[in-house]
Each structure stands twice: as C-alpha cells, then as structure tokens.
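Below is one structure; the comments refer to it alone.
The values are calculated or read from the model by the stated rules, or taken from the named source; none is laboratory data. Worth saying up front: this structure is predicted, and the values here are computed from it rather than measured. When we count neighbours, we look across all protein chains shown, and the Cβ atoms used for this are built from the backbone with ideal geometry, even at glycine. For the accessible areas, the whole protein counts, side chains as well, though only heavy atoms, and no ligand, DNA or RNA atoms are used. Shrake-Rupley method; radii C 1.70, N 1.55, O 1.52, S 1.80 Å.
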Amino acid sequence: MRLVADHAVVRVPATSANLGPGFDAFGLALALHDTIVVDAVAGGTSVHVEGEGAGEVPDGEDHLVVRAIRAGLDHVGASQVGLSLRCTNAIPHGRGLGSSAAATVAGLVAARALVSEPEGLDDDTVLRLATEFEGHPDNAAAALLGSATIAWGGTEDPRAVRLDVVEGLVATALVPQERLSTTRARATLPHRVPHAEAAATAGRAGLLVLALSQRPDLLLEATEDWLHQRYRAPVMPASVALVERLRDLGHAAVVSGAGPTVLVLHTGEAGAAVAEAAGPGWTAHQLAVDTDGVVLTR
C-alpha cells in the first residue's frame, strides 16, 4: 500500500471509562479535545506540543501519537516517512480522562488519512490496534465512536457498540492537581472479589445502560460500584472520599477511569452545586457528551 496524502488534522475527545459498575467495559466521550496536525516530511520526526503535556512528553519517535501512526502504517504495509506533528492538547494527562487513548486513536486515524486504502484501518482495526496499546478497549472505543460505548473481548478480539445517550446528559469533571498512573491504580485491585459484590455490580451495569439512554433519574443508583473504586482508595483517598461525599448529597459521582478525576453525571443545572460541594483543590469542567468521536479532516 502506498501513501497518497501528506497532511491530516485529527480531533479526538477525552473519555471517561468504567462509569462506576462498567469496569473495563463502559466508556463516555466528553467534549474536551486534543487536536493533532500531521505532516509527512522528508527526514526525521519532530513533535511540537501546546497545552497539556508541553515540555513533558517525548518530542520524537517515542511520542505516543507517532508510535500509533507507525503501527497503523506497518499494519497496512505502507512505507514509513518522516513526521512533523503539532499537538494542541486540552485533555489532562494522568488524570483518568483518556489522554493516552486519545493519542493512540488520533495516531491510527491519522495513518488512515495518509494511505491509499483507508479501509485497511477501519474502525474495527483501529479499535484492535488501540487496544494493543492500551491493554483494554473502554477508553479507545469511546474516543473512536463517540457518545457512550460498551466494549468487550479483550486485547485479541475487542469489540464495541455505541449507545446514544439521553438528551441533556452532561458531566462535571472534577480534576485534581495530582496525577496517578493507570498501572499504579490497577495494582491495587484484588485478584478475586466476593460473588455477592460481583452480582450486585452486574445488576447496576445493566441498569446503567437504561439510565444513560433513557432514564437519567436512575443515574445515582446505576453508578453504584463494588468492584474497583473502594479498593483504589489507598492511592487516591481524596478522590474516593469526594465520590462518597457527593453520592451522599444525591449526585451520581464516580472515579473517572483509573482516577484521580471524579466524574459526576447529571442533567440540568447540577454542575455549579457539584463544583461548590467539591471545594478547593478541584478544577471543575462542565462537559457535554461528545457525540462525534474522533474526527478526521485532511
């Protein structure tokens, strides 16, 4: 396969995974975006980053977007080229809002734009390649498809479906200054959980589908979790405490992905009350649901 374009612009949303009981399965795309401009060039690779991650992330071949572009080109047998990237990032890093999934999906879709047969990097293929990077498909599915998603199948055969959310659903993301790696957060999880807790969580995950798509009045009950959040309290005590405090006040609060961001799902004007209840130390972002997913323009 050959390269037929030398320029692409990709916009990709932040995502929140799990949403309480949907561990490693549910995702939600949020209207907070990174934009990546890719140019194929003669010579080496350069990366310029503005916003989140500026001065911190690699500026060459080790940059995650570059690695994803390389993986996409390799997958379809296209020639590798020099790359010039300009990244304008709004998604916080290390906060549980899918920054790595966004970078991976953006790179793979950029590769799609550059090649003569883009169907070789269709959505199913992008999801599989992104899952190889991520280790699980929840954030990648939401970044790719937009809206809410349910993913399954693991790294070898990941699959995902999109779920249209009820009109008016919004999210308040409460972002702390502290960062937390996904690896460290997952290391706190036990290898086994009591059967009763697993059964209760499965019921709430089913209810969450209804709450997201039709019955937002059920969001508080539908986001109850027994599988992962309380086990993560030792590495994010402030986040878990905030989730509990907000839930006691009647807000559908969860840990966003691996944390430490806290996400509150609601309709109407609850965002201001949520931000006030969180208090100092948390930056509140009032976010609509992104219904587009990753968007490519040449």
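Classify segment 158-298 as rounded, prolate or oblate from the Cα gyration tensor: take a ≥ b ≥ c as the square roots of its eigenvalues, call it rounded if a/c is under 1.5, otherwise prolate when a/b beats b/c and oblate if not.
Details: a/c = 1.27, a/b = 1.11, b/c = 1.14.
Since a/c stays below 1.5, the shape of segment 158-298 is classed as rounded.
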| Hey, got the dipole for segment 99-201? About the Cα centre, +1 on K and R Cβ, -1 on D and E Cβ, debye to the nearest 20? | 480
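Given Cβ point charges of +1 (Lys, Arg) and -1 (Asp, Glu) and nothing else, what value in debye, to the nearest 20, does the dipole of the chain about its Cα centre take?
Details: 21 positive and 35 negative charges, 88 e Å.
Its charge dipole is roughly 420 debye.
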| note | If the label point sits 7 Å along Cα→Cβ of L210, residues of segment 223-252 with amide N under 15 Å come out as 223-224
| query | How big is segment 38-165 by Rg and Dmax over its Cα atoms, in Å? | reply | 14.4, 45
| message | From the helices alone, meaning DSSP H stretches of at least four residues, give me the mean residue ellipticity at 222 nm for the chain, per-run term -39500 (n - 2.57), in deg cm²/dmol to the nearest 500. | response | -10000 deg cm²/dmol
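Could you tell me whether segment 1-79 comes out rounded, prolate or oblate from its Cα gyration tensor? Rule is a ≥ b ≥ c as square roots of the eigenvalues, rounded for a/c under 1.5, then prolate if a/b exceeds b/c, otherwise oblate.
Prolate shape, in that a/c is at least 1.5 and a/b is the bigger ratio.
Among rounded, prolate and oblate, which fits segment 78-139 when a ≥ b ≥ c are the square roots of the eigenvalues of its C-alpha gyration tensor, a/c under 1.5 means rounded, and a/b larger than b/c means prolate? Write down the numbers at each step before the final one.
On the way: a/c = 2.53, a/b = 1.34, b/c = 1.89.
Judged from the Cα gyration tensor, segment 78-139 comes out oblate (a/c at least 1.5, b/c at or above a/b).
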| Centroid-to-centroid separation of segment 2-73 and segment 155-211 [C-alpha atoms, Å] | 23
| query | Can you tell me the accessible area per residue over segment 183-298, all protein chains present, probe 1.4 angstrom, in square angstrom? | reply | 49
| request: State the percentage of accessible surface on the chain attributable to carbon and sulfur atoms; use a 1.4 Å probe and exclude ligands, DNA and RNA. | output: 50
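Kindly work out what percent of the DSSP beta bridges joining two residues of the chain are antiparallel, to the nearest 5.
Roughly 90 percent of the DSSP beta bridges within the chain come out antiparallel.
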| Inverse of mean 1/r across different Cα pairs in segment 217-276, Kirkwood, Å | 11.7
| field | Computed over segment 93-168: relative contact order in percent, which uses C-alpha pairs under 8 Å that are six or more apart | value | 25
| Relative contact order for segment 98-256 using alpha-carbon pairs under 8 Å, separation at least 6, rounded to a whole percent? | 14
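Taking the highest mean first, how do the peptides 13-19, 250-256 order by number of other beta carbon atoms within 10 angstrom per residue?
Working: 13-19: 29.9, 250-256: 25.0.
The packing order, highest mean first, is 13-19, 250-256.
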| task | Could you tell me the convex hull volume per residue, in Å³, taken over the Cα atoms of the chain? | result | 117
| task | Would you mind checking the tilt of helix 195-213 against the longest principal axis of the Cα atoms of the chain, expressed as 0 to 90 degrees and rounded to 10? | result | 70
